[in-house]
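Asks: Before we start, here is the structure in question, set down as structure tokens.
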Amino acid sequence: MTGYGIASFDSGRVKYTVELKSLNSKFLELSLRLPKIFSEKEFQLRNECSKQIERGKVNLSINIEQQGSAIKAAGIDRDLLKHYYEQLKSVSAELNEPSNNLLQLALSLPEVVKYEEEVATDEEWQIVEKTFQQAMAAFQGFRSDEGNVLEQDIKYRIGIILKNLELVEIEEPKRIPVIRERLNQFLTDAAGKENIDKNRFEQELIYYIDKLDITEEKIRLKSHCDYFIETLKNADANGKKLGFISQEIGREINTLGSKANDANMQKLVVGMKEELEKIKEQLLNVL
């Protein structure tokens, strides 16, 4: 399920920002981007994300912006810089090469420019941890709102499937006279009306109609749809379970289509399939 949450804290000297993003995934895939001073907290953050996020491709980023006097300047090792510079100058003279950029080159050599090693204090971590929880709350709220929208859409489409099933039940009895007339006409054209054994014709017709009976499929389809709605109401994560139920719904719809033998019923079945495909697409966003 997609999700987004962001929170920040500005102390006046330092601004901390925590951002959470997620895309659909069958499993939980965590990607963390942390400042170096909080790298040791990665395991703790991963553990907390695993507790609160069941699945999804999740990106967590923490950003620190230091302002004004909070910005720590880099230091220069003057002795090492002079040493490098003199060596470069000597080599330049020996090779008779220009010495215009020797200082810039010396500054880029290892250990010349040094940055003070930053260490996070307990107070800083407490601020980041609180900001993380705020971002997580916003993230979960985003997911919850999206879930409510998905729930209403899925219920609506299940309702269309059930409505089409009711229309199928209306159309179903109309098939028998049409089938009877069609078979009778076929035999009349092939063998002549006087050569048709009425008793045998009725026996074969009953057998043929029995093969096209969809009573069990209608009952199972209605049952699967009701179970789908019941499962959708559960508070627990049930995306995979709903996926399995949708497969059973599809199986019954396909059997209805193969047994329909009627243009109007086929149209209704096609409508059911269309709505089911939309439901399956939406289920990719359900936990």
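Derivation of every value follows stated rules applied to the coordinates shown; laboratory data play no part. Only a predicted model underlies this, so the values are computations on that prediction, with no experimental measurement involved. In this analysis, Cβ positions are derived from the backbone assuming ideal geometry, glycine residues included, and neighbour counts consider all displayed protein chains.
Asks: Considering the zone a paramagnetic label at residue 146 would reach in this model (a point 7 Å from Cα along the Cα-to-Cβ line), which residues of region 4-34 have amide N under 16 Å from it?
Replies: 4-6, 19-31
Asks: Averaged over all directions, how much area does the convex hull of the C-alpha atoms of region 87-161 cover when projected, in nm²?
Replies: It is 12.4 nm².
Asks: Identify the GluC sites (Glu not before Pro) of region 1-63 meeting these criteria: DSSP loop state and at most 13 other C-beta atoms within 10 Å of the C-beta.
Replies: In loop regions of region 1-63 (DSSP not H, G, I, E or B), the sparsely surrounded GluC sites (Glu not before Pro) are 54.
Asks: Given 57/233; 36/240; 57/155, which pairs have Cα atoms separated by over 30 Å?
Replies: Pairs exceeding 30 Å: 36/240.
Asks: Report the calculated FRET efficiency for residue 274 and residue 61 (r = Cβ-Cβ distance, R0 = 41 Å), to the nearest 0.05.
Replies: Rounded to the nearest 0.05, the efficiency is 0.55.
Asks: Round to the nearest 0.05 the FRET efficiency obtained for residue 166 and residue 29 when R0 = 41 Å and r is the Cβ-Cβ distance.
Replies: Once rounded, the FRET efficiency stands at 0.45.
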